[in-house]
Amino acid sequence: MSRTSSRSRVLAKLVVLLATMVAMSGSLWAQTKNLQAGAIAELRSAGRAEAPVATQTSAEQSAAQKPAVTYLRCGTLIDEKAEQPRRNVDVVIDGENIQQVQPAGRGVPRGAKLIDLSHETCLPGLIDTHTHTLLTGDVTEEDYNKQILQESDAYRAIVATQAARLALGYGFTTIRDLETEGAGYADVDLKHAIERGITDGPRMRVATRALDVTGAYPVLGFRWDWPDWPHGVQVCDGAVGCRTAVREQISKGSDWIKTYLDGGYRVTDKGVVEDRPTFTMEELNAIVDEAHRENHPVASHAIGINGVHNGVVAGVNSIEHGMYIAPDDLKMMAQKGIYYVPTLFVGEYVAQGRAAAGAKVWEQMVAIHGDTFKRALNAGVKIAFGTDAGGFPWTVNPAQEFPLMVKYGMTPAQAIRSATVTAAELLGMQHKVGTIEPGKYADIVAAPGDPLGDVTELEKVNFVMKGGVVYRKPQIE
Ligand SMILES: [Zn+2]
């Protein structure tokens, strides 16, 4: 949600950092607990014995730590396959996958482990399709500049490991991390560290450095005679330059290409968010063509009428934020299957602070955003759950997006679907995540109440399993 280019980054330092983290993970946890007692401490307590140990090779892990078959006994199960929730169900888990889903009460074989969630509602691991693990809050320009100008990439990567643990603890077992905001390719490193069991976190799809044109993204406004201020994105100009940037990012590990399509927001008398487009259509078409030719999707930050329109015409895969979208563009999104990731909560979260700093437009845009969401829903646009976490501090639970989606017209069931099935489809991961059924990863979360009746129950997730490993569980078990 910020507007910020980049210079070459200190990857070697990150290698050293990750190696150090292996050795230090225990003490890091201890410090974390002291700093932020609540959510982190609870997360820490759960299931660590079963979690992979970073110092072992993967072969040793599978021999020594392959979990036995686990029976997850769910009082209610929202599997996202059946129309209605099911009552009293056992989800049988073998290794990292779901083996079977069956009525409870058939008994548990000797040697199998039973986890009793009979007073809970189980559902697929949640998916947040718009996060920034490398950011720790971005309400004002000062918040942003402090991170870009004063904190090294190595420091920010350490902090990002905490963001990843928090995300997992909230119940987000998969995230799409939509750019590092000046921290180079540290998101690729974080993703690899999680995959290798060095640090805990969600499955990640990453966008690395993002793209914007010269002069459009922070940090801006500093002395002109100093040529190389850090940038929050990779700057590219011209069709050839932007094609080259896409190739570079993909070669270094980008799963997604992220573009910033507008800035300079203003609300008209008719309640339309006017904006200043960044890329020319020639540049944007080159970006989309290059990314798609290499089988990589494109996510586009677009807040106002022109940025969204350009993205939709160019055929990007997702529109991020979309505070105002013209009716014809909503129609085209539905026709082309372009996803809308509204990020309602961050809009409300930053509005007051940005208005106080002089940008009143952010307050004006909140109601317009809600109306756009309703119109998108009615137009049949595919809406995927995304929060922009990192744009607000990671200590704030991103699940607060759910009640806003309901406030603006979704049923709780639709909101949950946006964070499971729809989000999995946007990420191209629908074959392994997003529903609870045999063959998929055992990414399962649970909450004590009934989220289909009151979606705020999803802010109380107290059980988190990813790939058959328990990372958080209710204290009473
Ligand atoms: Zn964002």
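The values are calculated or read from the model by the stated rules, or taken from the named source; none is laboratory data. No experiment lies behind these values; they were computed from the predicted model shown. Cβ atoms come from the backbone with ideal geometry, glycine included; neighbour counts cover every protein chain shown.
Kindly indicate whether any position in region 333-353 is away from the ligand (no atom under 16 Å from the Cβ), within 21 Å of Leu126 (Cβ to Cβ) and over 17 Å from the mean Cα position of the chain (by Cα). No, there is no match, as no residue in region 333-353 is away from the ligand (no atom under 16 Å from the Cβ), within 21 Å of Leu126 (Cβ to Cβ) and over 17 Å from the mean Cα position of the chain (by Cα). When Thr259 is tested against (1) of a type in the set (S, T, N, Q); (2) exposed (fewer than 15 other Cβ atoms within 10 Å of the Cβ); (3) outside any loop (DSSP other than H, G, I, E, B), only condition (2) is not met. Take Val273 and decide whether it is β-branched (Val, Ile, Thr), away from the ligand (no atom under 16 Å from the Cβ) and at negative phi. So Val273 passes the test. With respect to (1) away from the ligand (no atom under 16 Å from the Cβ); (2) crowded, with 24+ Cβ neighbours inside 10 Å, the lone exception for Glu195 is condition (2).
Yes/no per residue for (1) in contact with a His (Cβ under 9 Å, 6 or more places away or on another chain); (2) under 13 Å from Ala157 (Cβ atoms):
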{"residue": "Arg176", "(1), (2)": "yes, no"}
{"residue": "Thr180", "(1), (2)": "yes, yes"}
{"residue": "Tyr185", "(1), (2)": "no, yes"}
{"residue": "Arg196", "(1), (2)": "no, no"}
{"residue": "Asp200", "(1), (2)": "no, no"}
{"residue": "Arg203", "(1), (2)": "no, no"}
{"residue": "Ala207", "(1), (2)": "no, no"}
{"residue": "Thr214", "(1), (2)": "no, no"}
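Among the residues of region 424-447, the ones that are surrounded by fewer than 17 Cβ atoms within 10 Å (Cβ to Cβ) and either over 22 Å from Ile93 (Cα atoms) or modelled with pLDDT under 95 (or both) come to 2 in all. Pairing residues of region 319-332 that are β-branched (Val, Ile, Thr) with residues that are more than 16 Å from the ligand (Cβ to nearest atom), at Cβ distances under 6 Å and at least 6 apart in sequence or on separate chains, gives Ile325/Thr372.
Kindly evaluate Gly322 against the criterion of being within 16 Å of the ligand (Cβ to nearest atom), more than 26 Å from Gln249 (Cβ to Cβ) and either not hydroxyl-bearing (Ser, Thr, Tyr) or not assigned by TED's automatic domain parsing to the domain that holds Thr422 (or both). Here the answer is no, as Gly322 does not meet what is asked. Only one of the listed residues (Gly221, Gly182) is within 15 Å of Gly390 (Cα to Cα) and outside any helix (DSSP H, G or I). That residue is Gly182.
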